[in-house]
Amino acid sequence: MSKQLARKLFCLAALVITAPLAVSAQSLAPPHATIVEGKPVPVVPHPDARKLLTSKIPALAMNKQLVFDYWRNVILASRAETVDQFLTSTFVEHNPLLPSGRQTIKDRVAAMNRKPAQVPGTIADLVTLVAEGPYVVMASVSHYPEPDQSGNTYTSTRFDMFRIDNGRIAEHWDSALFRSGEALTDFGVNKAVPVTGTSGLAQHAMIANNDAALYDNKRLAFDLWRHIPDAGREEMAELYLDPTYIQHNPNAATGRAGFQEYFKRRPDAPIQITLKDPLVALIAEGDLVVQVLQTDRQHPDNKQNYSVAWFDMFRIENHRVIEHWDTASKGELPAVMQQNP
């Protein structure tokens, strides 16, 4: 066989749809969907959500169960009578569309008048649960209509983060953004609290973990973000990404080369020892790390600024990032990338 023919066959093989790769039995991530070269990989739910409730640390297992039960009873089943057992009386909300305060939440749920006959036994679109310290992050599949008006849909990832205090949920952040036509409800003294993160050298304390493997994973995610999204050094991707890198952001291609192509739109900037955006949380469990940043956005209608929690989740294998999820929808790019197509 000639070298030229062999090369053609290799290139054709690279475009073939590949079967899902096995994910480690210890992984908190679900087995991923089929990979198509040059395309983002659809987000899929975990095949057995209740397996995500376990932890080698009993307190973390209890926190995960609390969040799981809260979502099933209050969010999915509108059981207002259960709110008191899940939220602290001083519950703080950071989604600007929702109110703070346990009683306000309770009244709001009761007024929805959409109580199903039964509380669901699971969360159908749950991707994973990640817990560290007082925090639990829940990732779930989000569905959006294709922008081409075809009637088809595509997937991305929704994130919710909860801070637990003495067996109750004390604080909540999520990845919701204002959409056109959505107005801010006046909740008065119970209005949501703006998202705020940590800047400067204090961010380094958020990398700490007594488990050396979790510390290394958090350090890897932190340094990747400093060097590539923040400083635009996509040429450093080989230091951080596995060649088989799986991408779930609907605007980028899977594979390390696809990652580099995506971040070429970021202009080069000086490499800093901290993250550019304030860091809200850096949560690690098992092979997953969730990074939460405070970012500023504009309402699409009135252009008023508001702060939002931006989530990225990384799966790490053999000291390299092998899979990534974030909350982006199609066409949703940072301003600096829109200016550099």
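The values are calculated or read from the model by the stated rules, or taken from the named source; none is laboratory data. Small disclaimer: the values here were computed from a predicted structure and weren't measured. Reconstructed Cβ throughout: ideal geometry from the backbone, glycine too, with neighbour counts over all protein chains shown.
Things to note:
- Within the range 148-179, considering residues that are closer than 19 Å to ALA281 by Cβ and of a type in the set (Asp, Glu), the one surrounded by the fewest Cβ atoms within 10 Å (Cβ to Cβ): ASP165
- Considering the range 199-217, the residues that are surrounded by 14 or more Cβ atoms within 10 Å (Cβ to Cβ) and in contact with a Ser or Thr (Cβ under 9 Å, 6 or more places away or on another chain) include one that is farthest from VAL280 (Cα to Cα), namely HIS204.
- All of (1) over 18 Å from ILE164 (Cα atoms); (2) assigned to a helix (DSSP H, G or I); (3) at pLDDT 95 or above hold for PRO45 with one exception: (2).
- Which listed residue is buried (at least 20 other Cβ atoms within 10 Å of the Cβ) and charged (D, E, K, R), from LYS51, LYS56, LYS64, LYS39: LYS64
- Filtered residues of the range 89-116 (kept if touching a residue at least 60 places away in the same chain (Cβ under 8 Å), buried (at least 18 other Cβ atoms within 10 Å of the Cβ) and touching a strand residue (DSSP E or B) at 6+ places or on another chain (Cβ under 7 Å)): PHE91, GLU93, HIS94, ASN95, PRO96, PRO99, SER100, GLY101
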